[in-house]
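Report on the structure given below.
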Amino acid sequence: MTVILRTKNFQGHELKCKCGCGLLNYDNFFLMKLEVFRDLPGSRLEVTSGCRCIKHNKTVGGKPSSLHIAEGKTAMAADVAPLDVNPQKIFIFAVKAGFFNEVIWYRKMNFIHLGIDRNQKEVYYDII
Ligand SMILES: [Zn+2]
Ligand SMILES: [Zn+2]
């Protein structure tokens, strides 16, 4: 499978595992949706957490089944922080857009988790 290292909106370094291991293994379908989503609200989104190796996922307190994990599978999630828009707007927009079936707004930490879980039939929207 081809991994998009650089798309119109996302640079490889934004999406790599933040522990420094350099892991970058995204699902292309997810990445495409993320890119289209970033284009829609006319806002700048910063990826605060992209791919994660298993070790880093543990360090940041991610679930063992986290969609961010890109070891042995492709990552299907990204945490984004709006740079110049109200995070509430981005959350509502992500829910409305229907691109992702996992949208979680971590209010105190000021980021929004966007994910696609192919095994999940119901949508999961939450504000934590
Ligand atoms: Zn790592
Ligand atoms: Zn996340």
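Picking from residues in the stretch 1-19 that are at pLDDT below 80 and not polar (S, T, N, Q), the one that is surrounded by the fewest Cβ atoms within 10 Å (Cβ to Cβ) is Met1.
Could you please let me know if Met76 is within 15 Å of ligand 2 (Cβ to nearest atom), closer than 25 Å to Gln11 by Cβ and free of Cβ contacts under 8 Å to residues at least 12 places away in the same chain? Answer is no for this residue. Here is the figure for the stretch 41-63: residues that are modelled with pLDDT under 95 and more than 18 Å from Phe111 (Cβ to Cβ) total 1. The residues in the stretch 53-97 that are more than 18 Å from Leu31 (Cβ to Cβ), more than 15 Å from ligand 1 (Cβ to nearest atom) and out of contact with any strand residue (DSSP E or B) (no Cβ under 7 Å at 6 or more places or on another chain) can be counted, and the count is 11.
Contact map, the stretch 16-41: first residue part of a loop (DSSP other than H, G, I, E, B), second residue buried (at least 18 other Cβ atoms within 10 Å of the Cβ) and of a type in the set (D, E, K, R), Cβ cut-off under 9 Å, separation 6 or more or different chains; pairs are Cys17/Arg52; Lys18/Arg52; Cys19/Arg52; Gly22/Lys16; Leu23/Lys16; Leu23/Arg52; Leu24/Lys16.
Could you check, for the stretch 56-71, whether at least one of its residues is among the basic types (Lys, Arg), over 23 Å from Glu122 (Cβ atoms) and either away from ligand 2 (no atom under 16 Å from the Cβ) or in contact with a helix residue (DSSP H, G or I) (Cβ under 9 Å, 6 or more places away or on another chain) (or both)? Explain how you work it out, then say what you get.
First, the residues of the stretch 56-71 that are among the basic types (Lys, Arg): 58, 63.
Now restrict to residues that are over 23 Å from Glu122 (Cβ atoms): 58.
If we keep only those that are either away from ligand 2 (no atom under 16 Å from the Cβ) or in contact with a helix residue (DSSP H, G or I) (Cβ under 9 Å, 6 or more places away or on another chain) (or both) too, we end up with none.
Among the residues of the stretch 56-71, not one is among the basic types (Lys, Arg), over 23 Å from Glu122 (Cβ atoms) and either away from ligand 2 (no atom under 16 Å from the Cβ) or in contact with a helix residue (DSSP H, G or I) (Cβ under 9 Å, 6 or more places away or on another chain) (or both), which makes the answer no.
Considering each residue of the stretch 93-107 in turn, none proves to be touching a residue at least 40 places away in the same chain (Cβ under 8 Å) and of a type in the set (Val, Ile, Thr).
The values are calculated or read from the model by the stated rules, or taken from the named source; none is laboratory data. All of these numbers come straight from a predicted model, not from anything done at the bench. Cβ atoms come from the backbone with ideal geometry, glycine included; neighbour counts cover every protein chain shown.
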